[in-house]
1. Please enumerate the residues belonging to region 8-17 that are open to solvent by 100 Å² or more (accessible area, probe 1.4 Å) and either assigned to a loop (DSSP other than H, G, I, E, B) or of a type in the set (Ser, Thr, Tyr) (or both).
2. Taking region 146-166 only, how many residues are without any contact (Cβ under 8 Å) to a residue 40 or more places away in the chain and closer than 16 Å to Met79 by Cβ?
3. For region 113-126, give me each residue that is under 10 Å from Arg47 (Cβ atoms) and out of contact with any helix residue (DSSP H, G or I) (no Cβ under 8 Å at 6 or more places or on another chain).
4. Show the residue pairs that are 6+ apart or on different chains and have beta-carbon atoms under 9 Å apart, the first residue being within region 118-145 and within 22 Å of Tyr73 (Cα to Cα) and modelled with pLDDT under 85, the second being in a loop (DSSP other than H, G, I, E, B) and of a type in the set (Gly, Ala, Ser).
5. Being modelled with pLDDT under 95 and among the small types (Gly, Ala, Ser) is the filter; apply it to region 82-117 and report the residue that is nearest to Asp55 (Cα to Cα).
6. What strands (runs of 3 or more DSSP E), lying completely within region 75-169, carry at least 2 residues that are open to solvent by less than 60 Å² (accessible area, probe 1.4 Å)?
7. Name the residue, out of Ala87, Ala48, Ala3, that is in contact (Cβ under 8 Å) with a residue 40 or more places away in the chain and either closer than 30 Å to Glu154 by Cβ or not β-branched (Val, Ile, Thr) (or both).
Amino acid sequence: MSAEKNPWKTLNGKLVYENPWIRLDEYQVINPSGGEGIYGKVSFKGRAVGILPIDDEGNTWLVGQYRYTLDEYSWEIPMGGVPFDEALEKGALRELREETGLVAKGLELLCKVHTSNSVTDEVGFVYLAKELVQVEAEFDETEDITIKKLPFREALEWVMDNKVTDSLSVAGILKYARLKGI
């Protein structure tokens with residue numbers, strides 16, 4: 001069997017739950033071994049976008065906030081959701097300003113990430129933000145954010161020490177470090 005051929009067969013599917021941000025579907029399937037089973041899929045109503053801001057001195061910004069889903073505090077790069085009808089770059093610039101008060105004159109795509117491909121079709125994109133200007137942050141009403149400016153190498157150490165565990169943050173920070181030979 002070809003490694004790229006779909007070995008799953010969908011018998012039927014149904015909507016289980018939906019809200020303005022996500023949709024949960026359940027499918028009756030025949031799995032790759034031929035057995036019957038179920039598969040759940042969470043679909044997001046937008047794309048995830050993370051932004052790794054780097055200034056001329058090699059500093060970056062992390063944001064810290066309590067994540068309800070994890071029941072713990074999380075340090076991560078600025079990020080958010082971008083509706084399908086909004087350009088990714090526009091959404092990235094919006095999220096960067098909302099969460100840090102930074103405006104970037106330049107963006108460069110660092111990586112594309114499937115955030116948890118066994119249960120969701122969510123796709124995330126991480127951008128490098130350059131030529132930064134500090135303005136006022138514009139937090140969403142659901143955000144209680146701490147902003148931390150630190151040398152990029154320290155942020156990389158936070159990833160290596162598991163202080164940063166968010167998938168977009170880890171991917172973006174490690175990709176940038178590899179590209180820069182750090």
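The values are calculated or read from the model by the stated rules, or taken from the named source; none is laboratory data. None of the values given here were measured: they were computed from a predicted structure. Heads up, the Cβs are rebuilt from the backbone with ideal geometry, glycines too, and the neighbour counts pull from every protein chain shown. Areas reflect the complete protein model, heavy atoms only, side chains present, ligands, DNA and RNA absent. Shrake-Rupley method; radii C 1.70, N 1.55, O 1.52, S 1.80 Å.
1. Quick first cut of region 8-17, residues open to solvent by 100 Å² or more (accessible area, probe 1.4 Å) only: 8-9, 14, 17.
Residues satisfying the conditions are Trp8, Tyr17.
2. Step one: of region 146-166, the residues without any contact (Cβ under 8 Å) to a residue 40 or more places away in the chain are 154, 156-157, 159-162.
Adding the requirement that they be closer than 16 Å to Met79 by Cβ leaves 159.
So the count comes out to 1.
3. Selection gives Glu122, Val123.
4. As it stands, the answer is Ala137/Gly101; Glu138/Gly101, since those pairs meet every condition given.
5. Gly106
6. 79-83, 102-114, 123-134
7. So the residue among Ala87, Ala48, Ala3 that is in contact (Cβ under 8 Å) with a residue 40 or more places away in the chain and either closer than 30 Å to Glu154 by Cβ or not β-branched (Val, Ile, Thr) (or both) is Ala48.
Residue-wise test of (1) open to solvent by less than 70 Å² (accessible area, probe 1.4 Å); (2) within 30 Å of Val126 (Cα to Cα); (3) not small (Gly, Ala, Ser).
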position: Asn6; (1), (2), (3): no, yes, yes
position: Asn19; (1), (2), (3): yes, yes, yes
position: Arg23; (1), (2), (3): no, yes, yes
position: Val29; (1), (2), (3): yes, no, yes
position: Ser33; (1), (2), (3): no, no, no
position: Glu36; (1), (2), (3): no, no, yes
position: Ile54; (1), (2), (3): yes, yes, yes
position: Val63; (1), (2), (3): yes, yes, yes
position: Asp71; (1), (2), (3): no, yes, yes
